[in-house]
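J.: Structure provided below as structure tokens; questions to follow.
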Amino acid sequence: MTEQQEASEDAVMTRIGQAVILLHAGDREEARNRLGAIWSEIGEEGDSLHRCTLAHYMADAQDDPADELAWDLRALTAAEALRDGPPAPGEQHPAMRVFYPSLHLSLAADYLKLQRPEAARVHLARARAATGALSDDGYGNGVRDAIARLERRLAAEPGGGPRPFPEQSP
């Protein structure tokens, strides 16, 4: 990879980061606009890490739960492209493992918002199963805590008492 290409890719991540700052500051519309412009530039075939990161945050900028789900599914698809294919220059597959708990947690939350508790349970189980990739740090503990909160919330749903998750045997 040339220095110019590396600088260009860094610029994309910087721009995504700037949009995320706007999102966290509460300017969802401007964050959505900026992320949308970047998505138009990188497209469906762009760098998988860029697509995964952008889609993950674009989901958080959505007002409609169905749109949020669509963006979270794009993020997971991009992450799986990194896992399944050979790494492109600059892409590191092992680093993506730490994203899976959060990606599946987001999908579980989306499905719960859309009143699809069984689909939520499937992704929550996948999130829990992927936590081995997380470190014992603020990020890892935060994701594990969020998984536990969503597990409690699902258990409190009508008919949501203890039952095995789909990937577990009865």
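The values are calculated or read from the model by the stated rules, or taken from the named source; none is laboratory data. Since we're looking at a predicted model, the values are computed, not measured. Positions of Cβ are backbone-derived with ideal geometry, glycine not excepted, and every protein chain shown enters the neighbour counts. Keep in mind that these areas ignore ligands, DNA and RNA; they rest on the heavy atoms of the full protein, side chains included. Shrake-Rupley method; radii C 1.70, N 1.55, O 1.52, S 1.80 Å.
J.: Which residues, counting only those in the stretch 34-62, are in contact with a helix residue (DSSP H, G or I) (Cβ under 7 Å, 6 or more places away or on another chain) and not aliphatic (A, V, I, L, M)?
T.: Residues satisfying the conditions are 34, 39, 47, 48, 50, 51, 52, 53, 56, 57, 60, 62.
J.: Further, regarding this structure: Which one of 62, 92 is polar (S, T, N, Q) and modelled with pLDDT under 90?
T.: 92
J.: Further, regarding this structure: When residues of the stretch 20-59 are filtered for being open to solvent by less than 60 Å² (accessible area, probe 1.4 Å), touching a residue at least 40 places away in the same chain (Cβ under 8 Å) and either over 19 Å from residue 100 (Cβ atoms) or assigned to a helix (DSSP H, G or I) (or both), how many remain?
T.: So the answer is 7.
J.: Further question on the same structure: Quick one: would you say residue 74 is more than 22 Å from residue 12 (Cβ to Cβ), surrounded by 14 or more Cβ atoms within 10 Å (Cβ to Cβ), at pLDDT 90 or above and in contact with a helix residue (DSSP H, G or I) (Cβ under 9 Å, 6 or more places away or on another chain)?
T.: No, not satisfied.
J.: Here are the criteria: (1) of a type outside the set (Phe, Trp, Tyr); (2) farther than 25 Å from residue 66 by Cβ; (3) at pLDDT 95 or above. Tell me which single one residue 133 does not satisfy.
T.: (3)
J.: Looking at the stretch 104-115, can you tell me whether even one residue there is touching a Gly at 6+ places or on another chain (Cβ under 8 Å) and either of a type in the set (S, T, N, Q) or modelled with pLDDT under 95 (or both)?
T.: no
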